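A.B. asks: Quick one: structure below, then a few questions.
No lab work stands behind these numbers, since they all come straight from the coordinates. Owing to the predicted nature of the structure, the values given are computational and were not obtained by experimental measurement. Neighbour counts run over all protein chains shown; Cβ positions are idealised from the backbone, glycine included.
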Amino acid sequence: MAGSSHGHGHTPAAWTGVIISFIGFCVAGAFMVMAQPVGFWAGMVLILGGAVVGGIMRAMGLGAKQVPLKMAGAPLATREPAGVES
């Protein structure tokens, strides 16, 4: 499973979205401890902003390229249903 990611998340869109969301998480956490609801909600807005920015950057072509899914390994072996004789 470790080798199956093929660049998952290693794009400018992913990095930017995660960094903005992480900053928002830190802001919200700090203001929650300080009991400041306005600052907490500002941090929550930053978290959502990170998702929006990442999505916009992905739409601009800075995200992972869409690759068609392929089946891994050999094709499944076919067998005759039970009770059928050759």
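A.B. asks: Under a crude label model (7 Å from the Cα following the beta-carbon direction), how far is ALA59 from VAL33 in nanometres?
C.D. replies: 3.7
A.B. asks: Related question: Which Rg and Dmax, in Å, describe the Cα atoms of region 24-68?
C.D. replies: Rg then Dmax for region 24-68, in Å: 14.8, 48.
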